[in-house]
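Here the structure is laid out as structure tokens; the discussion comes afterwards.
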Amino acid sequence: MTPGGSEPCSSMEMKYELRCVVGAMPLSRTGNTQLADRSGCAHFSISPGVAFFMSMSARLSREKLRRSFRPARVRVLFVGESPPASGRFFYARDSGLYRAMREAFQATDAAIRDDNFLATFQSSGCYLVDLCADPVDRLAAAARRVACATGEASLARTIRELQPAVIAILLRSIGHNVTNAIARANWHGDVIRLPYPGRWIRHRKAFIDVLRPVIVRGTDPPR
């Protein structure tokens, strides 16, 4: 039993939780990061140095997975805000955005399944990056804005390197950040502002309606 009286977590559960929550949980008054597993079976804190190391480890793992699906030639560069603080990730096939994007592709090709979607996404010249390397969705509003502004320089370097034909912005709130990065990269091309799919059916339908012509024709939909 843990000090709180609950059942102890398995090592696998603990490793998963540590990977997911570092960088997403607030600091305590002592400066330590507060950690707990999803069922509340362990509550403890770790030093800022350890938290930083774990956050960097999680980031490296995400980026390694992301790069494994990078197309040789990027046609459409999708730009999100950040990986979710939940630990879910588009390229890990477990996020809401992943499911919405897969549905959009399935609307154009019934042969697309969960096990072949990322390969299809890659072969179509599509690539998804984030404005911020670490999760920001649990930050206070001011800190979130600062993190997004800071991410503009890195995004500009990515745009300059990849030279996509189209840039698709996945969240309206980061539109100005992406626009700033585009200007810094001196990039010229089509920009699509997609409605975020979210959880509601009507939002997903709007997302698919805007994205489908891009998938089919490889060009910006009519404005």
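All of the numbers you see were taken from the coordinates with simple rules; none came from a lab. Everything numeric here is computed off the predicted structure, so don't read it as measured data. For neighbour counting, all protein chains shown are included, and Cβ atoms are generated from backbone atoms with ideal geometry for every residue, glycine included.
Given H placed 1.01 Å from N in the peptide plane, which residues other than close sequence neighbours of SER95 have an amide H under 5 Å from its amide H?
Residues meeting the amide H criterion: PHE89.
What list do you get for TYR196, TYR127 if you sort them by fewest beta carbons within 10 Å?
TYR196, TYR127
Once amide H atoms are built 1.01 Å from N in the peptide plane, which residues 5 or more positions from SER82, or in another chain, come under 5 Å H to H?
Long-range HN contacts for SER82: LEU131, CYS132.
Test of the criteria: in the range 79-179, which trypsin sites (Lys or Arg not before Pro) are in a DSSP loop and have at most 16 other Cβ atoms within 10 angstrom of their Cβ?
Within the range 79-179, the qualifying trypsin sites (Lys or Arg not before Pro) (loop, at most 16 other Cβ atoms within 10 Å) are ARG88, ARG93, ARG113, ARG138.
Once phi is turned into θ = phi - 60°, what whole-Hz ³J(HN,Hα) does the Karplus curve with 6.51, -1.76 and 1.60 give for every residue of the range 156-163, x standing for Gly and Pro?
Running phi through 6.51 cos²θ - 1.76 cosθ + 1.60 with θ = phi - 60° gives 4, 5, 5, 4, 4, 6, 7, 6 Hz.
Between the range 65-85 and the range 151-199, how many Å separate their Cα centres?
One Cα centre to the other: 12 Å.
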